[in-house]
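To keep things clear, I will list the structure first and then write my remarks on it.
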Amino acid sequence: MNFTGWSIIIYQSSIMKKRHEQKLIILSIGLLIAFSIPISLLFNSSREVFGYPIILVYIFAVWMISIIISFAIVKKHDE
């Protein structure tokens, strides 16, 4: 049996376009900056949002936004 045809199809479908890869790399660098200690400490205060410390709201908001952005990038890759 010849499976080389299947491996080429699987390989070609797993290749992401360069611009999508670049967007994910930029997102990763942005997350490294957003979660760095100096930036995170800007939100370390005694203030609260809906009863939660503002640093927790910041961390989960950045995390949720990054998930939505990466989902959009990968979804465009599948199209």
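Label positions at Trp63 and Ile39, each projected 7 Å from the Cα along the C-beta direction, are separated by 1.6 nm.
On the accessible surface of the stretch 25-79, probed at 1.4 Å, how many percent belong to carbon and sulfur atoms? Percent of accessible area from carbon and sulfur atoms in the stretch 25-79: 76. You can think of it this way: the chain between Ser28 and Val49 has 4.9 nm of extra reach, that is 0.36 nm per residue less the Cα-Cα gap. Length available on full extension from Val74 to Glu21: 0.36 nm per residue minus the Cα-Cα distance, which gives 18.1 nm. Computed from backbone phi with θ = phi - 60° and the Karplus coefficients 6.51, -1.76 and 1.60, the 3J(HN,Hα) list for the stretch 48-53 is 10, 10, 6, x, 10, x Hz; x is used for glycine and proline.
The values are calculated or read from the model by the stated rules, or taken from the named source; none is laboratory data. This one's a predicted model, so the numbers in the text were calculated from it and none came from an experiment. Don't worry about glycine lacking a Cβ; one is built from the backbone with ideal geometry, like all the others, and counts go over all protein chains shown. These accessible areas exclude ligands, DNA and RNA; they are computed on the full protein's heavy atoms, side chains included. Shrake-Rupley method; radii C 1.70, N 1.55, O 1.52, S 1.80 Å.
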